[in-house]
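Taking it in order: structure first as structure tokens, then the write-up.
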Amino acid sequence: MSAIIRLAWSSLWSRRFTVVLTLLTITLSVALFLGVDRVRQDAREAFLRSSAGIDLIVGARAHPVQLLLYSVLGLGDATQNLSWESYEALAGQPGVAWTLPISLGDSYRGHRVVGTRVSFFEHMRQGRNQSLAWSRGKPFSGVQEVVLGAAVAERFGHAVGDTLVLAHGTAAATPQQHDDRPFRITGILAPTGTAIDQALYVSLESIEAIHLNWRSGTRVGRAPGADEIDPARLQPRQITAVYVGLEQRLAVFALQRWAQQYRPEALTAILPGVALQQLWQLLGQAERVLDLAAAAIVATGLIGLLAVLLASLEARRRELAILRSVGAAPRHLLALLVSEALMLAILGAALGYALLQLGIVLAAPWMQANYGVILSPAWPGASDWQRLGWVIGAAGLIGLVPGGLAYRRSVADGIQLQH
């Protein structure tokens, strides 16, 4: 068997120009085939990390996936808010350990501003139940102070002590600016690889303060000075959603049922993990299309491999006839052609995986800064081995086609070519 492998390698080397082009096609197709699955898995992990530590999310009546998207992942907008009275009723329910009201609707150069309490930085988690860490600075402690997510600070080069102006609304380019109330940066969070990196955080009172002189999305008159504001006017009347932590997670279904049956206001309460599963189901069709597209590219590369092997077979009829004449059995010719196909597939798979890891290293900073998805090089997992096995197995089957043709040819076929 080792002799056949050496002969197959020598044969490939003698046709190295054509072989390199075929190998390049297989390498690129394998990298894409594995990359689609890798990005999907890392994106799912990033979404799951974004809701770590939250037992329940409560908002105004909406589809569970929509509530998850705008309240945790920073995608889309809420159709309506819930009242502060409803929040207080929720916070007073038995078994509730902590609540984090959040208020959305403003932005900074395309990044969302989250109004919340300072306890946000204590209760929110990342990864495997790890607390948020600080890159620099400290939490906000007053009105017109802001904390930046890691990606925001890096993208715009901000540091603690800088000032910035928030925008009214969530459009990336909006003329409605809160330039009469600039904010001072008090802290910058360490990277988490979640949607937390993409946002800015202020107090609920700050959200109220910058809107005191706004009516129907338009600024009216002069903003009152900080010493002129009655603290009672900074009490929120509405919020966007509530993160809930429970003393015992078994109570989550009772609290969810309470929220769904709450009469004064229509509420929706979701378990983040369940809503994520619904999201994956909604995206399942798109994922299958991507998988089919990647598989089609791999199939194209393997068809190219078949074409090269068949073309070389026609050019090597005399060579194969000589091998038969010196004692090579038909099964040896079959093994030779299959070995060549397998060697190209294995080498292409290895190079494809290496190319994927290189692409991950180069794309990781961009993916984290723009989408909050952490990509990192890794050894092949079970899914990678399975896909690589499919590629190599398919190449072995393809090698049977020219191998079968060579198997059926006789010494006389090669001798007739001399005449």
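The values are calculated or read from the model by the stated rules, or taken from the named source; none is laboratory data. Quick caveat, the model's predicted, so the values are computed rather than measured. Neighbour counts are summed over all protein chains in view; Cβ atoms, including those assigned to glycine, are modelled from backbone coordinates with ideal geometry. Each accessible area value is taken on the protein alone, full model and side chains, heavy atoms only, with ligands, DNA and RNA left out. Shrake-Rupley method; radii C 1.70, N 1.55, O 1.52, S 1.80 Å.
Okay, here's what the table says:
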{"quantity": "Matching option when the condition is open to solvent by 10 Å² or more (accessible area, probe 1.4 Å), of a type outside the set (Gly, Ala, Ser), touching a Leu at 6+ places or on another chain (Cβ under 9 Å) and at pLDDT below 90, among Gln177, Gln144, Gln130, Gln93", "calculated": "Gln177"}
{"quantity": "Which numbered condition Trp98 fails, given (1) surrounded by 19 or more Cβ atoms within 10 Å (Cβ to Cβ); (2) in contact with a helix residue (DSSP H, G or I) (Cβ under 9 Å, 6 or more places away or on another chain); (3) more than 16 Å from Ile188 (Cα to Cα)", "calculated": "(1)"}
{"quantity": "Lone unmet requirement of (1) free of Cβ contacts under 8 Å to residues at least 24 places away in the same chain; (2) within 15 Å of Ser203 (Cα to Cα); (3) among the acidic types (Asp, Glu) for Asp106", "calculated": "(1)"}
{"quantity": "Residue list for the range 80-123, filter: in contact with a strand residue (DSSP E or B) (Cβ under 7 Å, 6 or more places away or on another chain) and among the polar types (S, T, N, Q)", "calculated": "Gln80, Asn81, Ser83, Ser86, Thr99, Ser103, Ser107, Thr116, Ser119"}
{"quantity": "Enumerated helices (runs of 4 or more DSSP H) restricted to the range 1-87, each holding at least 1 residues that are modelled with pLDDT of 85 or more and over 21 Å from Leu310 (Cβ atoms)", "calculated": "16-50, 64-71"}
{"quantity": "Where a residue in the range 140-151 is assigned to a loop (DSSP other than H, G, I, E, B) and its partner, wherever it lies, is open to solvent by less than 20 Å² (accessible area, probe 1.4 Å) and basic (Lys, Arg), with Cβ under 7 Å and at least six apart", "calculated": "Gln144/Arg181"}
{"quantity": "Test: residue in the range 370-388 that is of a type in the set (Phe, Trp, Tyr), open to solvent by less than 60 Å² (accessible area, probe 1.4 Å) and either within 30 Å of Leu310 (Cα to Cα) or modelled with pLDDT of 80 or more (or both)", "calculated": "no"}
{"quantity": "Lone unmet requirement of (1) under 24 Å from Phe47 (Cβ atoms); (2) out of contact with any helix residue (DSSP H, G or I) (no Cβ under 9 Å at 6 or more places or on another chain); (3) open to solvent by less than 10 Å² (accessible area, probe 1.4 Å) for Val113", "calculated": "(2)"}
{"quantity": "Whichever residue in the range 257-276 is outside any helix (DSSP H, G or I) and without any contact (Cβ under 8 Å) to a residue 24 or more places away in the chain and, among such residues, is farthest from Phe47 (Cα to Cα)", "calculated": "Arg263"}
